[in-house]
1. Which of the residues belonging to segment 132-156 are touching a residue at least 12 places away in the same chain (Cβ under 8 Å) and more than 16 Å from V180 (Cα to Cα)?
2. What's the number of the only condition in (1) in contact with a helix residue (DSSP H, G or I) (Cβ under 9 Å, 6 or more places away or on another chain); (2) farther than 24 Å from A505 by Cα; (3) surrounded by fewer than 18 Cβ atoms within 10 Å (Cβ to Cβ) that L605 fails to meet?
3. Which one is surrounded by the most Cβ atoms within 10 Å (Cβ to Cβ) among residues in segment 222-271 that are farther than 20 Å from Q334 by Cα and of a type in the set (V, I, T)?
4. Quick check, is L168 within 40 Å of the chain's Cα centre (by Cα) and in a helix (DSSP H, G or I)?
5. Scan segment 394-413 and tell me whether some residue there is of a type in the set (D, E, K, R), within 25 Å of R529 (Cβ to Cβ) and modelled with pLDDT of 95 or more.
6. Anything in segment 563-583 that is among the polar types (S, T, N, Q) and in a helix (DSSP H, G or I)? List them, or say none.
7. Taking the conditions exactly as written (assigned to a helix (DSSP H, G or I), more than 23 Å from the chain's Cα centre (by Cα) and either in contact (Cβ under 8 Å) with a residue 40 or more places away in the chain or in the same structural domain as S500 (by TED's automatic domain parsing) (or both)), does L412 satisfy them or not?
8. Give segment 529-579 a look and list any residue that's more than 13 Å from A505 (Cα to Cα) and either among the basic types (K, R) or outside the structural domain of K495 (by TED's automatic domain parsing) (or both), or say none.
Amino acid sequence: MQRFLKIAFTIALLVSLVIANDALAQQPEQPAPVAPVDTAAIQALKESNPTTAEQLINAAIVSADLGRGDLGKAYLAKLIENDPAVDEVLAAQQKLGSGRIFRLQSIDALQPEGARAATLLLTKLDAYYKDPARLSQLVDQLIDKDEVARNQAAKQLKNAGAEAANPLFVALADPSREAVRPAAKRMLVQMDQAIHGPLLAALDSSDPLLVAELVDVAKQLDLDRAAQFLVGPYVLTDDDQLRSAIGEYLDATVKSRPTADDVKAYLAKRVKMYLGEGPMFPVNEDGLVELWTWDAAKKQVVMTPVPPADAEVVTAGQLLRDLYALDETNAEVQVQAALAAMQRMGVLGESDVELKKLVDKHGVELLQSALTKGLEDRKFAQGAVVACEQIGATKNADLLIAVEGKLSPLALALQSPVYRVRRAAAKGILTIDPKAPYAGSAELLDTLDFMASAQGKRNILLGELHQQNAQRMAGLLSELQLEPLVTPGGREFFKQAHSSPDVEAIFISKPLALPAMMETVQILRKDRRTAEVPIGIIAPIGEVVHYQLRTKDDPLTIVMIRPNDVEGFIFQLKQLYLAQGRLLVPADEREADAEFAFAQISRMLDTPDDYDFYDFLKVEEIAVRRLADQNVAADVASLLGKLGTPIAQTALIDYASDPFYPINLRQACADALKSAIERRGILLTKDQIVAQYDRYNASEELDPETQAVLGKILDILEAPTQDVRFDQPAKIGP
């Protein structure tokens, strides 16, 4: 997700630069400016010869204030070139204050050097103030004999905010730093809300000493949100100190100490809330939750911006560890715990240790049950992806057997509306590599066919009946380096929508060719190829509320007014991409998926008897179409050669004979044609063969490479037909 946002903002910046450059290009040539006459103040400034970061910042601002932005920009260029050390930047900030550094960004006469210089300086300051080693030293200074040093350390730790969490937690967990522990706890209490997220995450630590100390901090803060993470350890822990600390916290916050049955009921209720529909976390301006979690390997808390659904499932997983420990024979709890563990693996990159323990105890059937559960709601999509990978890794073909007339979970995942899940299911099945028919096998070729259609483009589909509006929107998209696909609606609209995973978003406007807008949305949502594509409904201003009410249960459909400029379009596209969240598949991934699909189909065609239960003709159309794409032409040619059908042979001979294609790819097609004929004989018509002789005879003035390829094709055609007359039946075989 973060990656997409960076792409979106980069596009916005590029577009603004393009517009600015165009505007400059259109301005008439101006006469060369007359060199300004230096005032006494400017002359004095020049004579001071500023060199340090502090001097250059001050000189730049003074120059701009005196009307000499050109001189100020020169000073800033020197500052950027010098790339001052952190100590020098820190000295400048302490002398000039942060305000003057920020001001560099806002003085028009100093741009763009002002913004670049401010970014350079602020980045260095940010790294300095967040440096863990420095913050750790400040923690030790909390018990310095010098009161001024103590106060200064406390102030700087408080200014560091959540970044100070890990150094303070390390002090609490270190038995050798017992002297600093009370001061560290007081510091955490003083930081209050800034430390809530990291503190709650650190309660997931396996260190009883650290957790006991943090429980005491939570009690002093009256942090009742910690209760859900502490009631489990309260009844499960064997550590008397930790149990006592949690008991005192519970006495102070919830006024009671629960039994094991109370905890089971409470945790089950909380898990149900997190896995339900309601929002459980506030989001930032990008619609993401700033989720704090405990990294067991590094023994520290980390913050990861994630979509709300991921935050909810990950947090539920933390509770499910305790619920499972209390109720491990409960099948539903087992499935939920496995799915949550897989979600954490997919979202946070955690290891599979926790999941492996569950599977070792309950069998691989738990993976299948978790996948079935994960397919029920897009909230669990990342867990479903990991489940497909885990099932595939078993290489157990028995897991593809249908039970009681129902598809296996992995085969069922091929029907998921989520592209990432379908892709993971396909890869899982290909890893198992079944050599016998299984229920749902036809879906594998459908999925690979769809993956193979991707070209790594960034297509935006427009359904717009009004031609002028369509042209205007297409122009705006083109400025953003996106590729608009413009249709008035109807059959052509759906054909484009379903053609490729390269369609990243869809806009439909009123009026729209039949069917109507809401019917169009419903049709798109019922087809797995477009079920998860974000849709923007461009409605008249007076009908926005009407369409918002009709789409309120569809988080991937957003109602908006027509954008009139690039900035408006950027904002609306950002909303659509954010709606898809982590499930967004970048263009480079889609392009790699296409190459993977072609490679896998080609691999299976090497030994077609092992895979005769697959209908490989399904991929013929897309393979012929993608042959024109030079990025994959060689691989596609090889695949068509293995298919060897009449259509495949026709495509290969036409491509190889066309002098406008690169010679190496034409030679590859000729080789593939030879392979096809050796496999299945000549399946070309008499007219096509005669036409090939005409092509060769007409190539006298073409380049030698083309003549060689055309001659090679005739050799290939003549090899199996030496004794066959061309007035024989239309199709000629061995």
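1. P132, Q156
2. Condition not satisfied by L605: (3).
3. Within segment 222-271, the first condition is being farther than 20 Å from Q334 by Cα, and the residues that meet it are 222-227, 230, 234, 237-259.
With the extra rule that they be of a type in the set (V, I, T), the set shrinks to 237, 246, 253-254, 259.
Details: T237: 17, I246: 29, T253: 18, V254: 14, T259: 10.
My answer is I246.
4. Details: within 40 Å of the chain's Cα centre (by Cα): yes; in a helix (DSSP H, G or I): yes.
Against the criterion (within 40 Å of the chain's Cα centre (by Cα) and in a helix (DSSP H, G or I)), L168 qualifies.
5. Going residue by residue through segment 394-413, those that are of a type in the set (D, E, K, R) are 395, 398, 404, 406.
Filter again for within 25 Å of R529 (Cβ to Cβ), leaving 406.
Those left that are additionally modelled with pLDDT of 95 or more: none.
No, that holds for no residue.
6. Start the filter on segment 563-583 by keeping residues that are among the polar types (S, T, N, Q), which leaves 564, 572, 575, 580.
Within segment 563-583, Q572, Q575, Q580 qualify.
7. Numbers: assigned to a helix (DSSP H, G or I): yes; more than 23 Å from the chain's Cα centre (by Cα): yes; either in contact (Cβ under 8 Å) with a residue 40 or more places away in the chain or in the same structural domain as S500 (by TED's automatic domain parsing) (or both): yes.
For L412, the condition - assigned to a helix (DSSP H, G or I), more than 23 Å from the chain's Cα centre (by Cα) and either in contact (Cβ under 8 Å) with a residue 40 or more places away in the chain or in the same structural domain as S500 (by TED's automatic domain parsing) (or both) - is met.
8. Correct list: R550, K552, R562.
The values are calculated or read from the model by the stated rules, or taken from the named source; none is laboratory data. In this text the structure is predicted, and so the values were computed from the model without any measurement. Backbone-built Cβ (ideal geometry, glycine too); neighbour counts: all protein chains shown.
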